[in-house]
Amino acid sequence: MQILTDLFSDYTTRTVLLGSMGIGAVSGALGCFSYLRRQSLIGDVVSHSSLLGIMVIFLVSYWLTGEGSKSLFVLIPGALASGVASLVLTRWIVDRTPVREDSGLGTMLAIFFGGGILLLRYVQRSSTVIPGRRGLKDFLFGMSASMTRDDLIMIAIIGGLSLLALLAYWRQLKVFTFDPLFSHCLGFNTRFLSLLLIVLMVNGIVVGIQCVGVILMIALLVTPAAAARQWTSSLGSMVLLSAVFGGMAGAAGSITSSLVSKLPAGPVIVLAGCVIFLFSILFAPRRGILTVKLLQLRAAEESDLDEGLAS
Amino acid sequence: MAEPRAAIDVEGLTVAYHSKPVLWDVSLEIASGVLMGLVGPNGAGKSTLLKAILGLVRPLTGRVLIQGAPLQRDRQLVGYVPQRSTIDWDFPTTVLDLVLMGTYGQLGWFGRVGRKQREAAQTALERVELQDFQSRQISELSGGQQQRAFLARAFVQDAPILFLDEPFAGVDVKTERSIVRLLHEQRDAGKTVVVVQHDLNTVGEYLDQVTLINRTIVSSGSVESAFTPELIEKAYGERLV
């Protein structure tokens, strides 16, 4: 108990904890739509691709100011831009060539993530020391431990705006996700809704990159949603629960990593999400694998009993 | 007396994907208050025509008029029942919630689902005999019940024109009969019902009018005149006849 009170009284730890929970909750809530629209792969491509944008902005800021910027206020627009660009290019290729969507997405991931890694290695190894280059590789694996108050503000702004948009367009997004053609017949602007969902997904991703890095980001987007789906029967409760699960994973990761030295928070957050997911698919009422097995066994026993009584 | 306005008027419609024509010079008039079947083999462009009528694909040439005017976003003239196989049945929603979606178009920005909407949903659920299933998850319904739940949603939306994409695919005979009865009721109430179908067997029995389509219109009119063996052969190719 003493350890926990110490944790919460420390300013840095508190910032990290709050940040990780906020990130987990925002990504969890927004990820429900990627999960339901079967766009997990698209999310993975966006998060990997954002590395190129981050590196380009870093280098541009170095050329302009003599020091590479690592401020999220500067880097996030770059992450957003290259994430969206990878999707736009995929669409362009799929519409104009015989290449199918999954191959197009794979190719874009290779180009954008490969390009990002190339620039990252160049910056790290270049003989002229580029100020600010230390810690750049944290964008690969996350850096929640070095979160600052500015980062918290950035997360709060992007997360808050995204959740507001989600609420404002709730019914339209729900029908569109479930049955796009019908939402068109209801008079909703499907082109806009499709764009809005992509923007929301990209927001969830760029917020989460700070915490778990571009490589593991997809886990933070999809596992809370997949876990939440097992417990609920309405979209509203699924989104709420997914946010709670994401927040729990964020908290578990940041607390564990501050208690155990050298344990990185990002992977622990992701693994905590996976534990929640595993527990959910095993034990959720009505849908859990083990729960269903148990119900079947019980039903079989009862029918055996009935037969025994009948004979 | 003025000519009754056509519910749907398609004029010289050509649609292409990747510069391959899918629909070629399609002209079609569907009168108000009929039960029309849109019949053709797989890949004949039935769903493309449906999407073009709904304004979801942009044609190369031609135009579509709904009740005499291009389809506008703010006027809910067309209802739609999707093909069952295109729906994610694991989507977290109950039967009642699904039917209430039919009211979302009338609710406006901050309108809430109120008593009026709930009553409309209840009435529709009773009409399709699903009132006892309203709190079930849609994944827990049988194929026929799923189809009827979507029908109830369309009744709640209450558009003058109703499209159904393969409504009889994968449902039992009893459900098929009850869907046909409900569609006949809709028609008798003055609605225009268009059924997209590739199964030929039940056409004559269920529908008033037929449009045979394979890339272009093969025939269109009453079942007797537009659904003859020669025309079916023309639309489906020789092997099937």
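None of the figures in this text is laboratory data; all of them are computed from the coordinates on show. Values in this document were obtained by computation on a predicted structure and should not be read as measured data. Cβ placement follows ideal geometry from the backbone for every residue including glycine, while neighbour counts extend to all protein chains displayed.
Spin-label model, A:S126 to B:L56: label points 7 Å out along the Cα-to-beta-carbon direction sit 4.9 nm apart. Look at B:H18, B:H184 and count the other Cβ atoms within 10 Å of each Cβ; fewest to most, that gives B:H18, B:H184.
Within a straight-line Cα-Cα reach of under 21 Å, B:K234 can be paired with the following lysines, leaving aside sequence neighbours fewer than 8 residues apart in one chain: B:K46.
Projecting the Cα positions of A:S103, A:Y35, A:I76 onto the charge dipole of segment A:1-132 (unit charges on Cβ atoms of Lys, Arg, Asp and Glu, taken about the Cα centre) puts A:S103 furthest along the positive direction. Just to verify a number: FRET efficiency for A:L118 and A:L41, C-beta to C-beta distance, R0 = 30 Å, to 0.05? Step by step, r from the Cβ atoms, then E = 0.85. Taking label positions 7 Å along the Cα-Cβ direction at both B:D158 and B:T228, the computed distance is 4.4 nm, reported to one decimal.
Protection proxy ranking of A:256-264, A:68-76, A:9-17, by the mean of other Cβ atoms within 10 Å over each peptide's residues and highest first, is A:68-76, A:9-17, A:256-264. If R0 is taken as 45 Å, the Cβ-Cβ distance between A:F283 and A:Q2 corresponds to a FRET efficiency of 0.90.
Counting charges near A:A300 (Lys, Arg +1; Asp, Glu -1) among other residues having Cβ under 12 Å from its Cβ returns a value of -3. Computed from the C-beta positions of B:W89 and A:I153, the FRET efficiency with R₀ = 51 Å rounds to 0.75. The dipole here belongs to segment B:31-152: it is taken about the Cα centre, uses +1 on the Cβ of Lys and Arg and -1 on the Cβ of Asp and Glu, and is about 520 debye. Relative contact order, whole percent, for chain A stands at 29, derived from Cα pairs under 8 Å and 6 or more residues apart.
Listed by Cβ neighbour count within 10 Å, with the fewest neighbours leading, B:T93, B:T202 appear as B:T202, B:T93. Counting Lys and Arg as +1 and Asp and Glu as -1 over every other residue whose Cβ lies under 11 Å from the Cβ of A:T232, the net charge comes to +3. Give the separation of the Cα centroids, segment B:21-46 to segment A:1-69, in Å. Each part's Cα centre sits 51 Å from the other's. Taking amide H atoms as placed 1.01 Å from N in the peptide plane, the amide H of B:Y80 lies under 5 Å from those of B:F163, each 5 or more residues away in sequence or on another chain.
Applying both filters, DSSP loop and at most 10 other Cβ atoms within 10 Å, to the chymotrypsin sites (Phe, Trp or Tyr not before Pro) of segment A:163-197 eliminates every site. When chain A is treated as a GNM with alpha-carbon contacts under 10 Å, the residue of A:P224, A:P267, A:P180 showing the greatest mean-square fluctuation is A:P180.
Counting charges near B:G43 (Lys, Arg +1; Asp, Glu -1) among other residues having Cβ under 12 Å from its Cβ returns a value of +3. Cross-link partners for A:K70 among the aspartates and glutamates, with Cα-Cα distance under 17 Å and sequence neighbours closer than 8 places in the same chain left out: A:D138, A:D150, A:D151.
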